[in-house]
1. So in the range 53-107, with the set limited to residues that are among the acidic types (D, E) and either in a strand (DSSP E or B) or in contact with a Gly (Cβ under 8 Å, 6 or more places away or on another chain) (or both), which one is farthest from L31 (Cα to Cα)?
2. If we keep just the residues of the range 121-137 that are at pLDDT below 70 and open to solvent by less than 90 Å² (accessible area, probe 1.4 Å), which is nearest to Q83 (Cα to Cα)?
3. Which residue is most open to solvent (accessible area, probe 1.4 Å), if the candidates are limited to the range 141-169 and must be farther than 27 Å from G101 by Cα and in contact (Cβ under 8 Å) with a residue 24 or more places away in the chain?
4. Give me a count of the residues in the range 16-51 that are part of a helix (DSSP H, G or I) and within 20 Å of W86 (Cα to Cα).
Amino acid sequence: VADKPAIYHVGNQAPAGLQIQEFLAQAARVLAEPLLAQISITDWRQALEAVDGRWKGPGKLVVVLDEFQWTAGASPELPSLLQEIWDRRWQHGRVMLILCGSFVGFMEREVLGARSPLFGRRTAQIHLAPFGFREAAAFHPRWSRVDQARLWFLVGGVPAYLRAFDADASIEQGLAAALLTEMAPLHR
């Protein structure tokens, strides 16, 4: 969404009201509507309708709800609300809705599953798998092929794990920094 008007909200384990305010703050920046962040809105219906009503640009507004399992966990009504808004307004082109989540089981059951309010509304689906060796090696281009392979065999192709290793350090230094101390990102 780098070159598109997009509201990107990352769900978390906060109460629904706080997540709605975070969403509206992001929407206020994207839509250049600073007052949007100051409106007292307490539910997702009002928040989504406020954003939809203020979108004046040409083309589609992209709304990304990342880590959707946390947002939906705090607001169990959200999937059925999105279904209603999608059916009434967004499916005809004003908004592109992207739902992302790191809990595959939740996404399959609660978003894509036959019992989900959103069932049958998917227009595309991407299951991101870990990178293969060639892509993983690109994280550390100055390393030897042997060290790139060693890292790939150690952590696989998960981008966050690959980033835990400093490309300017040796693999041995990376192991010490990323794994061997109690506060290291990959220690547990």
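The values are calculated or read from the model by the stated rules, or taken from the named source; none is laboratory data. Computed from a prediction, not measured in an experiment: that's the story for all the values here. Note that we place each Cβ from the backbone using ideal geometry, even for glycine, and neighbour counts take in every protein chain shown. Areas reflect the complete protein model, heavy atoms only, side chains present, ligands, DNA and RNA absent. Shrake-Rupley method; radii C 1.70, N 1.55, O 1.52, S 1.80 Å.
1. E67
2. Checked the range 121-137; the qualifying residue nearest to Q83 (Cα to Cα) is R121.
3. Checked the range 141-169; the qualifying residue most open to solvent (accessible area, probe 1.4 Å) is R142.
4. Selection size over the range 16-51: 12.
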